[in-house]
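Enquirer: So that we are looking at the same thing, I have put the structure below in structure tokens.
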């Protein structure tokens, strides 16, 4: 440790003897360079590894002391940090061992504490002797004769990285690393990541490449000019058009932040009355949130002069506030889409500000060896690879609906406030703990497979899924115009719908201060998809994703559904019509829930229906899709009716609430004129009493597939409707509203075709 920080890549004697042992060095020589095609080092090695046991420390206290003294490797495995803690019971005893493991593709170190197994001081002087003693004890008894090996061992991976793939996030020398995220090496990383992305990632420049006027760029109505002189903040509010910034091709950054932290009552914000004052200057005193001041500093460091901050660029109070918000709120797709980079202040622990203190040895790879082919072996704690999900995507900030939209729309983002710095763009991701370029899957693969990221194999990546959805137009254009509808459904509608479903379901799990903003808060995402795909959107639903986009249902069980109409004024056929608890989510009625085995020829897209689809058929037509006034698509009013007109087969039925085999209440629908022993499972939208409710079934689609790899079954899905309003009449035509959705084929091995004998198609208007 020095007064300027901590020195990286330094090893204590115990770690050095393990790393430089002939056994480890010989196996490191076999390792191929890391490409990023596997989510962690053990892929392909399980069950094939060689292992050798080493003694490391007499106790966890000794391991912690070595880490505190500056050993980089001990710091990575000590777990005494913001991320993890060793389980510390009353005894807190037991020596620490390191098991070196090697497989065909990787080398890794497993560190664990063996409780109740101790050695005396004389034994500790003979390290090689203790190694042999441990190996003998293990071979004699796999549980060390009663000693307990901790299950939560730490794995450090030793990865070989090609020359030139260091991104870099920290020096490759022994230059001290700063204990604050406001450090020169952090600035160097941010500048490198941004420059490389702008120059080499066309998908991250997609917005800029679609501008109609190549001589100018799109800019928000207002921006913050942070000052012309780097290192000297002199912020003021500017009107972009008045300053001629578009013609000057000025670039700007954006900020995502927690309003509860950085926009409190005493904090400065834009009002009708103070606009002229803020155009002269924005004071850098306590009235300006520290998060905003840090963001302005980062803006200069990244080579930009302008930043867009919502509460300083949209009028928050005064006579023009409502009008300004209604106009500016619909420009979010452009505000974040055209942003050079989005600064995200996570506000971890409620801290106001972007910068956080941390031990840089915990977040920086440890250089182990420089190889003859100029590649380098680095050690990284494998548990750190999952921290993007934990610290970013699962952070309280990302539970806010507006912030989720900002994350989806921005092509690039740098995340501050977590124990380490993260970078994400539509092409790749970096972290301080793993700042290396890696190969990434193709966009098409991202639609059906988890997106591989430099920081781990996470279940959802908003940027890459959004990119896949917007980029799908290029794949679709290659197909002929006369392909049949079933093939189009599987090859095009399914992948696009799966991407949209991921975005919508994640957004629905977020919270909003005003729930009536549910649709308005995702208007930017919708407008961006309209921009790239030329899709037709109304209140959360896409014409081009029909009929799948109408077959939503809630995941909540009967008795847990809120009978609450949302304040969004959405039509009944839109998921936004009902108020949702953040614990609830959407699920498509056509998604397979059971019998997860699949044949070898299974197509990932087809899993959406059953394991293996043999045929799919549209059984309805979308005759009329609404075209309301521009703003009503994203924030409908309560005056105009937004209705769809469908043409298809109809059946009447009766809904009854019955107990299933486990005595849980379940809504079942008995189709008029059909065998009462084969009811249809229905999913009602709320808990309005349904027992004895007369309904209309409207069939949207059917499919046939193999269940459990061999059993062929037919399925059908559609909407459950009732007459709307009082008499349900409009100009002599009955108007319906949705109350649920149904799917046949779930209750019986030989399901009845609920629509047999109903060949006549009807036109239904649904509001």
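The values are calculated or read from the model by the stated rules, or taken from the named source; none is laboratory data. Here the structure is a predicted model, which is why all the values come from computation and not from measurement. Glycine also receives a Cβ, built like all others from the backbone with ideal geometry; neighbour counts cover every protein chain displayed.
Enquirer: Restricting the first residue to the range 728-752 and requiring it to be assigned by TED's automatic domain parsing to the domain that holds residue 717 and outside any strand (DSSP E or B), which pairs with a second residue that is at pLDDT below 55 and surrounded by fewer than 19 Cβ atoms within 10 Å (Cβ to Cβ) meet a Cβ separation below 8 Å and a spacing of at least six or different chains?
Expert: 745/751
Enquirer: Looking at the range 510-533, which of its residues are farther than 16 Å from residue 630 by Cβ, surrounded by fewer than 18 Cβ atoms within 10 Å (Cβ to Cβ) and over 20 Å from the mean Cα position of the chain (by Cα)?
Expert: Those that are farther than 16 Å from residue 630 by Cβ, surrounded by fewer than 18 Cβ atoms within 10 Å (Cβ to Cβ) and over 20 Å from the mean Cα position of the chain (by Cα): 513, 514, 515, 516, 517.
Enquirer: While we're looking at this one, here's another question. Considering only the range 313-333, state which residues are modelled with pLDDT of 95 or more, within 20 Å of residue 343 (Cα to Cα) and in contact with a helix residue (DSSP H, G or I) (Cβ under 7 Å, 6 or more places away or on another chain).
Expert: 314, the sole residue that qualifies.
Enquirer: Give just the number: which of (1) modelled with pLDDT under 95; (2) buried (at least 16 other Cβ atoms within 10 Å of the Cβ) does residue 309 not satisfy?
Expert: Residue 309 satisfies all of (1) modelled with pLDDT under 95; (2) buried (at least 16 other Cβ atoms within 10 Å of the Cβ) except (1).
Enquirer: Now for a different question. Considering only the range 625-638, state which residues are within 19 Å of residue 575 (Cα to Cα) and surrounded by fewer than 14 Cβ atoms within 10 Å (Cβ to Cβ).
Expert: As a first pass, look at the range 625-638 and keep what is within 19 Å of residue 575 (Cα to Cα): 625-628, 631-638.
Once the filter is applied, which keeps residues that are within 19 Å of residue 575 (Cα to Cα) and surrounded by fewer than 14 Cβ atoms within 10 Å (Cβ to Cβ), the range 625-638 yields 627, 637, 638.
Enquirer: Another question, if that's okay. So residue 253 fits all but one of (1) in contact with a helix residue (DSSP H, G or I) (Cβ under 6 Å, 6 or more places away or on another chain); (2) modelled with pLDDT under 95; what number is the exception?
Expert: The number of the failed condition is (2).
Enquirer: Residue under question is residue 370, and the condition is that it be crowded, with 23+ Cβ neighbours inside 10 Å and outside the structural domain of residue 278 (by TED's automatic domain parsing); does it hold? Walk me through it before giving the result.
Expert: Numbers: crowded, with 23+ Cβ neighbours inside 10 Å: no; outside the structural domain of residue 278 (by TED's automatic domain parsing): yes.
The answer is no for residue 370.
Enquirer: May I ask you to verify whether residue 507 is assigned to a helix (DSSP H, G or I), within 22 Å of the chain's Cα centre (by Cα) and at pLDDT below 85? Spell out how you get there, then give the answer.
Expert: Working: assigned to a helix (DSSP H, G or I): yes; within 22 Å of the chain's Cα centre (by Cα): yes; at pLDDT below 85: no.
So residue 507 fails the test.
Enquirer: Of all residues in the range 524-546, which are in a helix (DSSP H, G or I) and more than 15 Å from residue 333 (Cβ to Cβ)?
Expert: The initial filter retains those residues of the range 524-546 that are in a helix (DSSP H, G or I), namely 524-533, 543-545.
Once the filter is applied, which keeps residues that are in a helix (DSSP H, G or I) and more than 15 Å from residue 333 (Cβ to Cβ), the range 524-546 yields 543, 544, 545.
Enquirer: I'd like the residue in the range 102-114 that is more than 23 Å from residue 62 (Cβ to Cβ) and at pLDDT 85 or above and, out of all such residues, is surrounded by the fewest Cβ atoms within 10 Å (Cβ to Cβ).
Expert: As a first pass, look at the range 102-114 and keep what is more than 23 Å from residue 62 (Cβ to Cβ): 102-107.
Next cut, at pLDDT 85 or above only: 102, 107.
Details: 102: 22, 107: 27.
It comes out as 102.
Enquirer: So which residues in the range 379-396 are surrounded by fewer than 22 Cβ atoms within 10 Å (Cβ to Cβ) and at pLDDT 85 or above?
Expert: Passing the criteria: 395, 396.
Enquirer: Additional query: If you check residue 76 against the conditions, is it modelled with pLDDT of 85 or more, under 34 Å from the mean Cα position of the chain (by Cα), surrounded by 14 or more Cβ atoms within 10 Å (Cβ to Cβ) and assigned to a helix (DSSP H, G or I)? Give the steps one after another, and end with the answer.
Expert: On the way: modelled with pLDDT of 85 or more: yes; under 34 Å from the mean Cα position of the chain (by Cα): yes; surrounded by 14 or more Cβ atoms within 10 Å (Cβ to Cβ): yes; assigned to a helix (DSSP H, G or I): yes.
Yes, satisfied.
Enquirer: Still on this structure, please answer the following. Which residue out of 352, 324, 334 is touching a residue at least 60 places away in the same chain (Cβ under 8 Å) and closer than 30 Å to residue 249 by Cβ?
Expert: On the way: 352 fails: closer than 30 Å to residue 249 by Cβ; 324 fails: touching a residue at least 60 places away in the same chain (Cβ under 8 Å).
Checking each option against the conditions leaves just 334.
Enquirer: Select from the range 637-664 the residues that are modelled with pLDDT under 80 and touching a helix residue (DSSP H, G or I) at 6+ places or on another chain (Cβ under 9 Å) and write down the one among them that is farthest from residue 764 (Cα to Cα).
Expert: The selected residue is 637.
Enquirer: A further question on this structure: Exactly one condition in (1) touching a strand residue (DSSP E or B) at 6+ places or on another chain (Cβ under 6 Å); (2) surrounded by fewer than 24 Cβ atoms within 10 Å (Cβ to Cβ) is false for residue 360; which is it?
Expert: Going through the list (1) touching a strand residue (DSSP E or B) at 6+ places or on another chain (Cβ under 6 Å); (2) surrounded by fewer than 24 Cβ atoms within 10 Å (Cβ to Cβ), residue 360 breaks only (2).
Enquirer: Now, a different point. Listed residues 538, 610; which is at pLDDT below 70 and surrounded by 15 or more Cβ atoms within 10 Å (Cβ to Cβ)?
Expert: Testing whether each residue is at pLDDT below 70 and surrounded by 15 or more Cβ atoms within 10 Å (Cβ to Cβ) leaves just 610.
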